[in-house]
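This report concerns only the one structure given below.
No value in this document is a laboratory result; all are computed from the given coordinates. As the structure is a computational prediction, the values presented were derived from the model and not from experiment. Cβ coordinates were reconstructed from backbone atoms using ideal geometry, including for glycine residues, and neighbour counts include every protein chain displayed.
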């Protein structure tokens, strides 16, 4: 794994969160592979399969959700050939108040030529704190 590859994957991940933050479907569309094997699991949703289904979900979310701010942290990049996995924590906060939500996210990218395209996104609510039992298992 070269530093240039790691940086390119991190940049692809950043572009995904920029598209999410700005609610820009055209930018989101450029982040993703448009193949039938892509998938997405939004918090509380079932798995969506194929670009058409994933695209419709982003359009609906951008159209129907209240404004938000989005940030990501604790990013870890793993590369294996033409596949990259990014683990990170998302922080989503409704504009105008409310408790911020913290999600644990897994983003999977595939290299196509020089570009890294998302093929899977999964976000799940993160627990507030680790319990004694969770700490002892890890």
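Counting 0.36 nm for each residue step from residue 82 to residue 6 and taking away their Cα separation leaves a gain of 26.2 nm. Residue ranges 39-51, 100-112, 55-67 sort as 100-112, 39-51, 55-67 when ordered by packing (mean number of other C-beta atoms within 10 Å per residue, highest first). Distance from the alpha carbon centroid of region 68-108 to that of region 1-31 works out to 11 angstrom.
Is any residue of region 18-49 close enough, with backbone N under 15 Å, to a label point placed 7 angstrom from the Cα of residue 59 along the Cα-Cβ axis, and if so, which? Output list for this probe position: 24-30. Of the residues 25, 72, the one with the fewest other Cβ atoms within 10 Å heads the list, and the complete ranking is 25, 72.
Using C-alpha pairs below 8 Å separated by at least 6 residues, the relative contact order for region 1-128 is 24 percent.
The slack between residue 22 and residue 37, meaning 0.36 nm per residue of separation minus the straight C-alpha distance, is 2.8 nm. Pairs of C-alpha atoms in the chain farther apart than 17 Å represent 61 percent of all such pairs.
Considering only 93, 26, 117, the mean-square fluctuation computed in a Gaussian network model of the chain, springs between alpha carbons under 10 angstrom, is largest for 26.
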